[in-house]
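Bear in mind these aren't lab numbers, they're just calculated from the coordinates by the rules spelled out. Small disclaimer: the values here were computed from a predicted structure and weren't measured. Positions of Cβ are backbone-derived with ideal geometry, glycine not excepted, and every protein chain shown enters the neighbour counts.
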Amino acid sequence: MKLIQLILIILKNNLRDFLQQAHWLSLDVMVGAIICNTVFWQMPDGYGHTEFIASIVLGVAVFVIYSADRLFDLRNLAISNTQRHIFHNKHKKILWEIIIILSVFSAIFAFTLPAKTLTLGLAMAVIVLIYLFAVNKFPENNFLLVAKEPMTAIIYTLGIVGTAFITRTNISWQEWAAAAIFFIIVFQNLLLFSVYESIALPNAKNLANFFGKKASLNINTILFLIIIIFGSYTFSQNEYNYLAKVLLVEMVMSAVLWLLNDFVKFFIQYERYRWLGDGVFLLMIVLLL
């Protein structure tokens, strides 16, 4: 009996360490991106043609961008004192090697994608490279760093939705509405993250410190209400069961993020807000089951 208890403790600790390191590496964000992209490929009825290679390449791109951004962040002593950045600093050599290898393989597989998807991907790659270069060349107190959150929301949504929609000819306004709601959710997520980060780093240049923490939380509430009202109306005008389910899941995702407005003291401990905020995109897995 004691042996079984010991084995369970070891498994629990190893699983906890594995999940923590996977979270630091943003693997949950990568998986969430793949799931969300697949959901948009299958619109409007759940049987749309899905380019699984495109979803995998997108997921790898998300991992590469997030990892590179964190590694570039190491020049900022205030930020690099976080556990996530300490982990990246400790393993930066192998992480750069993984980033290079994954980038090469992704570039090779990308050329098997439809021409329009590949063109969008290349255009986004250029934008991301310019974005990463510019952001990491700005001084730490540069006002333009405030644009990081909205720019990230645009790039992320373009990757998730754009790669799925660009090859199609007939897209209903309800599908565009679901895409717009997804963008608002991404922005809502990033705004909330900046609120929590501004508590730990009061002088950081982000949207929360630009608008003020209270105003940012109020904006989060307004965005949630917009999604509920707009999502409910689109739901009532929709003829596809699959798209209706997408809208319902999106409203749940927004509601979860809205709940982060409260219990700030609880969610900021051990960066629980990141687990919940990043994990919310995994909710779309229910649409693929």
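Once each part is reduced to its C-alpha centroid, what is the distance from region 163-193 to region 229-289 in angstrom?
Going from one Cα centre to the other spans 13 Å.
If I model a spin label as a point 7 Å beyond the Cα along the Cα-Cβ vector, how far apart are those points for LYS265 and ASN170 in nm?
5.7
For the chain, give the magnitude of the charge dipole about the Cα centre (Cβ charges: +1 Lys/Arg, -1 Asp/Glu; no others), in debye to the nearest 20.
That gives a dipole near 820 debye.
Work out the length of the dipole vector of region 51-133 about its Cα centre, built from +1 on the beta-carbon of each Lys and Arg and -1 on the beta-carbon of each Asp and Glu, and round it to the nearest 20 debye.
On the way: 7 positive and 4 negative charges, 54 e Å.
About 260 debye.
Just check the chain against the gyration tensor rule for me: Cα atoms, a ≥ b ≥ c as the square roots of the eigenvalues, rounded for a/c under 1.5, and otherwise prolate or oblate depending on whether a/b exceeds b/c.
On the way: a/c = 1.26, a/b = 1.21, b/c = 1.04.
Rounded.
Sort region 114-232 into rounded, prolate or oblate with this rule: let a ≥ b ≥ c be the square roots of the eigenvalues of the Cα gyration tensor; rounded if a/c is under 1.5, and if a/c is not under 1.5, prolate when a/b is larger than b/c, oblate otherwise.
On the way: a/c = 3.99, a/b = 1.27, b/c = 3.13.
Here region 114-232 falls in the oblate category.
With unit charges on the beta carbon (Lys/Arg positive, Asp/Glu negative), name the residue among VAL128, GLN83, ILE226 whose Cα is farthest towards the positive pole of the charge dipole of the chain.
GLN83
Between ILE108 and ILE86, with labels modelled 7 Å along Cα→Cβ, what's the label distance in nm to one decimal, could you check?
Output for this residue pair reads 3.8 nm.
Could you give the longest part of the chain that holds none of the GluC sites (Glu not before Pro) found in DSSP loops with at most 16 neighbouring Cβ atoms within 10 Å?
Working: sites that count: GLU140, GLU239.
It runs 1-139.
Counting only complete DSSP H runs, which helices of the chain cover 18 Å or more along their long axis at the Cα atoms and score a mean Kyte-Doolittle of -0.5 or above? Intermediate results must be reported in sequence, preceding the final value.
Numbers: long enough: 2-24 (33 Å, 0.35); 27-41 (21 Å, 1.69); 52-73 (32 Å, 1.68); 92-110 (26 Å, 1.80); 115-137 (33 Å, 1.66); 173-200 (41 Å, 1.28); 213-236 (35 Å, 1.18); 241-259 (27 Å, 1.54).
Those that clear 18 Å and a mean of -0.5 are 2-24, 27-41, 52-73, 92-110, 115-137, 173-200, 213-236, 241-259.
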